[in-house]
Each structure stands twice: as C-alpha cells, then as structure tokens.
Amino acid sequence: MDDKIPGVHSDSDILGGTPVFVGTRVPVRALLDYLEHGRPLAEFLDDFPTVEKALAIGVLEHMKQLVAHAPASR
C-alpha cells in the first residue's frame, strides 16, 4: 500500500516540513489531536475553515486503510 497520504503535503518551507493539508498551513496532527480529545470533525472544520471536509475525510479513510492492512501483532 502506498504510504503517501492523499491531500497531505510536506514541504520544508512550510512549518519546517510538518505534514499539512494541501493548500493550507494546517497540520494534519491538528485533526488527530481534535479527535483524540473527543472533539468532533465538524468542530475541527469550523476552527480550520481552509481545510475542506473531503480532505479531512480522505486522511481519515487513508488511516483506516492502513490499519485494515496492518499485520496482526502477536
């Protein structure tokens, strides 16, 4: 499976290479932090209006595929 995440960009000139949503300066980690703290996707999108809903969902879908194809640990 391709490790590149659709809709995510990393450039050393943008936030020191931190992965961000394409066309924004919003780190992908911000979305994960929101969800980790029980905050809904809608709140993230309200707080970061430059991130399109489709991009955020695409990142989450990609993560879901990574987990689905991860080898089982013993």
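Here are the numbers for the structure shown:
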| quantity | calculated |
| --- | --- |
| Hits in segment 12-37 - residues which are in a helix (DSSP H, G or I) and touching a strand residue (DSSP E or B) at 6+ places or on another chain (Cβ under 7 Å) | Leu15, Val28 |
| Checking Ile14 against (1) at pLDDT below 95; (2) closer than 20 Å to Val67 by Cα; (3) hydrophobic (A, V, I, L, M, F, W, C), the condition it does not meet | (2) |
| Enumeration of residues in segment 12-50 that are in contact with a Ser or Thr (Cβ under 9 Å, 6 or more places away or on another chain) and among the charged types (D, E, K, R) | Arg25, Arg29 |
| Candidate set from segment 1-11 (those that are of a type outside the set (A, V, I, L, M, F, W, C), under 11 Å from the mean Cα position of the chain (by Cα) and in a loop (DSSP other than H, G, I, E, B)); member that is farthest from Gln65 (Cα to Cα) | Gly7 |
| Filtered residue count, segment 52-68, keeping only those that are among the basic types (Lys, Arg) and either closer than 20 Å to Arg25 by Cβ or modelled with pLDDT under 90 (or both) | 1 |
| Residues that are in contact with a strand residue (DSSP E or B) (Cβ under 9 Å, 6 or more places away or on another chain) and in a loop (DSSP other than H, G, I, E, B), drawn from segment 38-73 | Phe48, Thr50, Val51, Glu52 |
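To keep it simple, each residue is scored yes or no on (1) in contact (Cβ under 8 Å) with a residue 12 or more places away in the chain; (2) surrounded by 10 or more Cβ atoms within 10 Å (Cβ to Cβ).
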{"residue": "Ser12", "(1), (2)": "no, no"}
{"residue": "Gly16", "(1), (2)": "no, no"}
{"residue": "Val20", "(1), (2)": "yes, yes"}
{"residue": "Glu36", "(1), (2)": "no, no"}
{"residue": "Pro40", "(1), (2)": "no, yes"}
{"residue": "Leu45", "(1), (2)": "no, yes"}
{"residue": "Pro49", "(1), (2)": "no, no"}
{"residue": "Gly58", "(1), (2)": "yes, yes"}
{"residue": "Ala70", "(1), (2)": "no, no"}
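The values are calculated or read from the model by the stated rules, or taken from the named source; none is laboratory data. Worth saying up front: this structure is predicted, and the values here are computed from it rather than measured. Because the Cβ atoms are built from the backbone with ideal geometry, glycine has one as well, and the counts that use them run over all protein chains shown.
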